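J.: Okay, here's the structure, questions in a sec.
The values are calculated or read from the model by the stated rules, or taken from the named source; none is laboratory data. The structure displayed is predicted, hence computed values, not measured ones. Backbone-built Cβ (ideal geometry, glycine too); neighbour counts: all protein chains shown. Surface accessibility is based on the protein's heavy atoms, side chains included, excluding ligands, DNA and RNA. Shrake-Rupley method; radii C 1.70, N 1.55, O 1.52, S 1.80 Å.
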Amino acid sequence: RNLKKMWSPTLLRAAVRHAPPMHTLASRVKVFPTTLLRAAPVTHAPRVGAIWGRSWGRCLSQSTNGVTQQNQSVSAPVQKEKGHAEVPSLSIGQQAMVTLNETGLTRGERPMDQIFASSLLAGAFLSWGGAMYVLLGGGTVEVMSDLPGLHKVMSAAIFPLGLSAIVVSGTDLLTGNMLYGSLPFISGDPRRTSEQKAVSLGRLLSISAAGNLVASCGMAFATWHLFAGTAMGTFAAAIATKKVAGTSMVIFTKACGANWLVNIAIFQATTVATTPGKMAMLWLPITSFVALGLEHCVANFYLLPLGALCGADISVLDMAHNLVPAILGNYCGAAFFVGYLHWKAMAPPRPKL
């Protein structure tokens, strides 16, 4: 029935006449023959995805209800429907990875103006978190001198309000899109060709980077007068000066760690369905990367211009010296440390036909 929708009646009759029964073909290859799917026309990708769904893809539909099945585990009994493959129950982590893959598959295919507008919002949301971080960090200098460790954690604990707004609203943060756009490659999802995935990834990252940068610079210009000439302004200038002082390798390494933690936060937030639950799950990883002084390129889109406006002696080239390795390190943290390693550890098993 699915083939009828994809090919003409003449080709269908010829295929049915000469092809072995589907159960025989499946028994030969052990899993659903994805080579047939790759040979299908690109225009039929949604239907191909529906057919592919009879094997591993059936796990994808299970993940939509997975957040309510908090007590399921990989070892749970398999589910079997008449005429379909046996589908093992997914763990919470597997459900989250499948959901992230599904989001990433189409995230870069939206209209350009929609992605850009969403990126503007995400850049602004994260900048509000940065502004509160500067306010709290610079406004508690007594604590900073007496209890520097407590001051770092206390100041960092306010920063996650930005990512909370981003996760709840679903807006486009560059560092989160690094994970979303990479997962279809890592999972080997056959519903898109490699060329389609590459175009979608490049489109998603370039537009979201532009939108985040524009919004963050605008927010820096809009808020610097709140801090200029105060201890908060001095704190912002000191942050910017410190960020451009490190070597490229140090910045790259810190950026890997930062986006590893950011995307752990996104992964953890995906495991729950409620807004308070999502906020609680992402709070500690974000607090950790800020308190440790790691490098997050979108946060730096705001903090570097703000520091310069508040009196830091840094140039545009100094900012580029920070941002280029930070972007590369952030991509490594998202694509490898979360995307690749999490998928390898938690990829849903292919059902037995």
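J.: Among the residues of the range 89-104, what is the count of those that are under 23 Å from S194 (Cα atoms), of a type in the set (S, T, N, Q) and open to solvent by less than 10 Å² (accessible area, probe 1.4 Å)?
T.: Total satisfying the criteria: 1.
J.: Which one of the conditions (1) at pLDDT 95 or above; (2) assigned to a helix (DSSP H, G or I) does R192 fail to meet, given that it meets all the rest?
T.: (2)
J.: Let me ask something additional. Of all residues being among the small types (G, A, S) and open to solvent by 10 Å² or more (accessible area, probe 1.4 Å) in the range 300-353, which is farthest from E102 (Cα to Cα)? Just the residue, please.
T.: So the residue we want is G311.
J.: Can you pull out every residue in the range 162-183 that is part of a helix (DSSP H, G or I) and of a type in the set (V, I, T)?
T.: Hits for the range 162-183 are I166, V167, V168, T175.
Let's see how each residue does on (1) in a helix (DSSP H, G or I); (2) farther than 24 Å from F185 by Cα:
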site	(1), (2)
M279	yes, yes
E295	no, yes
A299	yes, yes
I327	yes, no
A335	yes, no
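J.: Same structure again: Output the number of residues of the range 168-181 satisfying the condition of being surrounded by fewer than 24 Cβ atoms within 10 Å (Cβ to Cβ) and out of contact with any Ser or Thr (no Cβ under 8 Å at 6 or more places or on another chain).
T.: 1
J.: Among the residues of the range 87-106, count how many are within 18 Å of S182 (Cβ to Cβ) and of a type outside the set (S, T, N, Q).
T.: The qualifying residues number 8.
J.: Separate question: What are the residue pairs meeting all of these: first residue in the range 227-256, first residue under 17 Å from F301 (Cβ atoms) and free of Cβ contacts under 8 Å to residues at least 60 places away in the same chain, second residue in a loop (DSSP other than H, G, I, E, B) and open to solvent by 40 Å² or more (accessible area, probe 1.4 Å), Cβ atoms under 8 Å, and 6 or more apart or on different chains?
T.: Final answer for the pair search is none.
J.: Given the criterion open to solvent by 10 Å² or more (accessible area, probe 1.4 Å), in a helix (DSSP H, G or I), of a type outside the set (G, A, S) and in contact with an Asp or Glu (Cβ under 7 Å, 6 or more places away or on another chain), identify the matching residue among K242, K254, K197.
T.: K254
J.: Select, from A209, A220, the only residue that is touching a Phe, Trp or Tyr at 6+ places or on another chain (Cβ under 7 Å) and within 22 Å of L121 (Cβ to Cβ).
T.: On the way: A209 fails: touching a Phe, Trp or Tyr at 6+ places or on another chain (Cβ under 7 Å).
So the residue among A209, A220 that is touching a Phe, Trp or Tyr at 6+ places or on another chain (Cβ under 7 Å) and within 22 Å of L121 (Cβ to Cβ) is A220.
J.: Here is a further query. Among the residues of the range 105-161, write down those that are assigned to a helix (DSSP H, G or I), open to solvent by 60 Å² or more (accessible area, probe 1.4 Å) and among the charged types (D, E, K, R).
T.: D113, E142, D146, K152
J.: Could I ask something else about it? Assigned to a helix (DSSP H, G or I), modelled with pLDDT of 95 or more and either open to solvent by less than 30 Å² (accessible area, probe 1.4 Å) or touching a Ser or Thr at 6+ places or on another chain (Cβ under 6 Å) (or both): does that describe I186?
T.: It is false that I186 is assigned to a helix (DSSP H, G or I), modelled with pLDDT of 95 or more and either open to solvent by less than 30 Å² (accessible area, probe 1.4 Å) or touching a Ser or Thr at 6+ places or on another chain (Cβ under 6 Å) (or both).
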